[in-house]
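Right, one structure below, let's go through it.
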Amino acid sequence: MDELKKQLVAAIPHMMVYARSRVGHPDEANELVQEALERILKRLPQLGGEEINFIAYGKRTVRNVHIEKWRASRRTVHLDDAEFEVACSQPGISTSYIDTMKVFRKLSEQCQSLLGLVAERYRYVEIATMLGMTEGAVAGAISRCRTAFLTFMKGGH
């Protein structure tokens, strides 16, 4: 196991160069590499006796983290109040839909994101992987978000 960790540490500079080529900004590259390293370290016990090219494995993990972040950012559409009013004034939109969306906008950004992923029919395990959370943490957060949503729907604050 110690040998694997040494190989992983030796791959970090290569991962940094690769991450920087994908995002261009050193801080964003550091974040990508940090998340990639966390994923790899979680999987390290499973990789035990295998021959691994950590440079390639690390770059691939950085790439996957970057793609997941990009996909997550594309799923979220933030409308300011004026844009929201214009969207709601389109013909054929029901008042119940508008009322539901007004309540949805009161939720935190994390709740909007989590409930949006649930609405897109992602399973908790998939959401956990996308967001780098445990499945239990996702389930708890979604439960709290649903409770908050229902409280807002009933007119609570």
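The values are calculated or read from the model by the stated rules, or taken from the named source; none is laboratory data. As the structure is a computational prediction, the values presented were derived from the model and not from experiment. Quick reminder, even Gly has a Cβ in these numbers, built from the backbone with ideal geometry, and neighbours come from all protein chains shown.
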Tell me, which helices (runs of 4 or more DSSP H) lie completely within segment 88-157 with 2 or more residues that are under 22 Å from HIS66 (Cα atoms) and modelled with pLDDT under 85? 109-119, 124-131
Within segment 29-55, how many residues are over 13 Å from GLU3 (Cα atoms) and surrounded by 15 or more Cβ atoms within 10 Å (Cβ to Cβ)? 10
